[in-house]
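Below is one structure, written out as structure tokens; comments come after it.
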Amino acid sequence: MTEASQVKDASAPAADASFAEIAQRRRGRIRRYFYKRPRAMDAVVVLCYVLLALPTIVSSIVDGKWPVAVLLALIAAALMFRRRFPLQVVAAVGLLEVAATILNPWGSNVSAGLWFALYAFASIKKRGIALVVFAAASLPLSLLYLFMWTSPSQMGTLQDVPENFHLINNIATAITIMLSNLLATGIGISVRQRREHEAEIAAWAARTTQLGKVTERNRIAREMHDVVAHSLTVMISLSDGAAVVVKKDPERAGEVLSELSRTGRAALADMRRVLGVLRDDSGRPAPLTPLESGHNLTKLLEGFRTAGLPLHYAHSGPALPADPAFELTVYRIVQESLTNVLRYGRSLGRVDVQVARDGDRVTIEVLDDGRGTREGGSDFVGSLGTGQGIAGMNERAGIYAGIVTAGPGKRGGWAVHAELRWNGDKGES
């Protein structure tokens with residue numbers, strides 16, 4: 001009694017095509033064939049019914065009861081339309097079954113047409129409505145058998161049994177009709193629930209895909225901000241410094257210009273990597289390995305020193321976890337903090353960068369004694385006025401159950417404090 005019916009959910013866009021392909025593979029070759037060809041499945045259902053009713057059709061023709069054969073043919077024809085007109089087919093088949101039963105009470109097709117009609121209705125409509133239709137369609141035929149008194153001559157070989165056996169047989173037949181129709185309805189309800197479940201999963205897959213796209217866009221925006229804000233700020237400072245020292249110290253100016261070139265090339269490589277995901281149909285790019293791409297604190301601090309920051313770096317505790325994503329998070333937080341100092345700091349005498357690890361906790365502090373950073377206030381927090389600075393650092397820290405705070409330092413200037421939690425290497429000392 002299994003049939004195929006395509007389920008389309010308007011809320012699920014084409015993004016969940018992969019889920020549809022998986023569902024198709026799970027159906028198997030035969031079910032996939034009928035899933036794509038519903039009319040072929042209708043023909044199979046009609047053929048099954050004809051085979052069930054064939055003994056009755058043949059015996060009716062032999063006995064000259066042509067109306068019975070005609071009624072059974074009409075039931076078979078009606079079943080071809082059970083998808084398009086489910087309720088009308090149930091009603092028509094129910095009435096035709098009653099008429100055929102009155103003319104031939106003991107045919108082999110008893111209630112068989114209702115099985116297919118009720119199944120199709122229950123697989124499309126809601127459960128409550130399906131049960132009501134089941135009761136309404138099954139009751140007339142069941143009552144007909146329940147109160148139909150069959151004479152011994154009609155019972156054929158059973159004419160010598162006690163008369164109360166006829167009543168028992170009728171009651172058993174009525175109960176069988178009700179139970180078989182209920183079973184067909186229950187299977188239809190189960191199929192409908194499975195289809196709804198598949199549709200919900202498809203919709204969930206579509207929402208998840210859309211959420212992933214939004215998350216990826218946010219990641220790209222955050223990365224672009226970090227690349228552009230840092231690189232341009234450093235490059236502007238380097239070019240200004242080179243313009244000042246080019247006449248007094250050409251050798252020093254050459255070093256500054258080399259750093260300017262290196263910063264520009266690194267920024268270009270970063271932008272290509274970040275924007276490459278927009279052209280990559282295979283999905284998110286492979287995780288960045290900071291050490292392979294030059295994203296390590298040593299080179300970062302050297303670049304800022306060349307740009308003019310009086311940097312002092314200190315590290316305490318074990319080394320940072322050897323995880324590229326975690327290293328990049330630390331790198332970006334330090335980079336963002338120092339970029340803001342370079343942009344807004346005035347009268348800088350000292351900038352301290354401290355990274356400490358204590359067990360699974362990693363603390364990052366960037367402190368300066370500049371005058372402009374304190375006075376920069378909200379501009380500093382916003383980082384170039386985009387609002388992406390502290391917010392971006394907090395998003396990165398949130399991945400590792402951390403948080404970033406920024407505000408005036410206790411000894412003047414500005415202070416950025418970040419705490420991250422690393423739980424990926426419990427066995428590391």
Of every hundred units of 1.4 Å-probe accessible area on the range 25-146, the number belonging to carbon and sulfur atoms, as a percent, is 72
FRET efficiency (residue 214, residue 183; Cβ distance; R0 45 Å; to 0.05) is 0.45
Under the 7 Å Cα-to-Cβ spin-label approximation, residue 77 and residue 251 lie apart by a distance in nanometres of 10.7
Placing +1 on each Lys and Arg Cβ and -1 on each Asp and Glu Cβ in the range 303-352, then taking the dipole about the Cα centre, the residue among 339, 325, 308 whose Cα reaches farthest towards the positive end is 308
To the nearest 0.05, the calculated FRET efficiency linking residue 36 and residue 201 through their beta-carbon distance, R0 being 25 Å, is 0.80
Which of 36/126; 248/299; 213/410; 36/125; 65/125 exceed 31 Å between C-alpha atoms? The answer is 213/410; 65/125
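The values are calculated or read from the model by the stated rules, or taken from the named source; none is laboratory data. All values reported here derive from a predicted model rather than from experimental measurement. Reconstructed Cβ throughout: ideal geometry from the backbone, glycine too, with neighbour counts over all protein chains shown. We work out accessible area using only protein heavy atoms, side chains counted, and drop any ligands, DNA or RNA first. Shrake-Rupley method; radii C 1.70, N 1.55, O 1.52, S 1.80 Å.
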